[in-house]
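The values are calculated or read from the model by the stated rules, or taken from the named source; none is laboratory data. Just so it is clear, the model here is predicted, and its values are computed rather than measured. Neighbour counts are summed over all protein chains in view; Cβ atoms, including those assigned to glycine, are modelled from backbone coordinates with ideal geometry.
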Ligand SMILES: C[S@@+](CC[C@H](N)C(=O)[O-])C[C@H]1O[C@@H](n2cnc3c(N)ncnc32)[C@H](O)[C@@H]1O
């Protein structure tokens, strides 16, 4: 006899697959793919090795050929037949993945959902550039954004020009096709022309390209390499700041697991009193 508790209910797991390289999957992501009856993925956004985790008999669907309605039809079938679906998204599903509209449909259907976070492309590009995006007294915020225009208008106040006024680190997605507009808005917002920029195309893929330039040379660099998609920009003074030191690892700073060195603590206090680092 099958009790209600045993009845098939189905489940959709939104899996962040990282920026491309299959070994940037988390263990949890690999497990969700391995347990799935149906895997929906985008061949152009995630490397095929990710599917090595799937069971041989799993149904594999390419989302490139599917509308939201097609995808929701799979979720309806999963609910009716008690299937586990792994819906693979590039990077982290929390960013520009079209995941919310799917979560809303799942909620309306009454099918269980889970989200497995992934390595976002902005983290992957920072790692490739070997830079920390938050540097004491230089940049303590990271703005994740995209250019307005095209199919997705920006909500008021969210233009790159407005965010650029903060002068902090920006990670700019989905904007390579309008590099001229990007440079204009960065300059209008107040970044000096010499502000360092990291441009990454297909980060962690075999065809990966990572180039450093400045706001002044951003447009020509994009055009020289013919970049218009799968490109991410990191912009801001943190990308070449040197000689700073964080408070956290200063010997004069104490916390629950470490005592401060008295002399270093005194020096730290004096430096703070003068308004200096750290
Ligand atoms: C639809 S958004 C998805 C973002 C994704 N959810 C993430 O967390 O990275 C696609 C954009 O992300 C950036 N992107 C994603 N993967 C990338 C990669 N491997 N290299 C460079 N940029 C990438 C590009 O700006 C691309 O236009």
Of residues in the range 75-101 being over 10 Å from residue 10 (Cβ atoms) and part of a helix (DSSP H, G or I), the one nearest to the ligand (Cβ to nearest atom): 99
Boolean, residue 20 is crowded, with 19+ Cβ neighbours inside 10 Å, within 16 Å of the ligand (Cβ to nearest atom), closer than 30 Å to residue 210 by Cα and not assigned by TED's automatic domain parsing to the domain that holds residue 201: yes
Residue 144 vs. criteria more than 11 Å from the ligand (Cβ to nearest atom), surrounded by 14 or more Cβ atoms within 10 Å (Cβ to Cβ) and not assigned by TED's automatic domain parsing to the domain that holds residue 24: no
Hey, residue 118 in contact (Cβ under 8 Å) with a residue 12 or more places away in the chain and near the ligand (Cβ under 10 Å from one of its atoms) or not: yes
Leading residue by the ranking (nearest to residue 241 (Cα to Cα)) among those in the range 191-208 that are surrounded by fewer than 20 Cβ atoms within 10 Å (Cβ to Cβ) and out of contact with any helix residue (DSSP H, G or I) (no Cβ under 6 Å at 6 or more places or on another chain): 194
Verdict on residue 125 being under 30 Å from residue 74 (Cα atoms), surrounded by 22 or more Cβ atoms within 10 Å (Cβ to Cβ) and in contact with a strand residue (DSSP E or B) (Cβ under 9 Å, 6 or more places away or on another chain): no
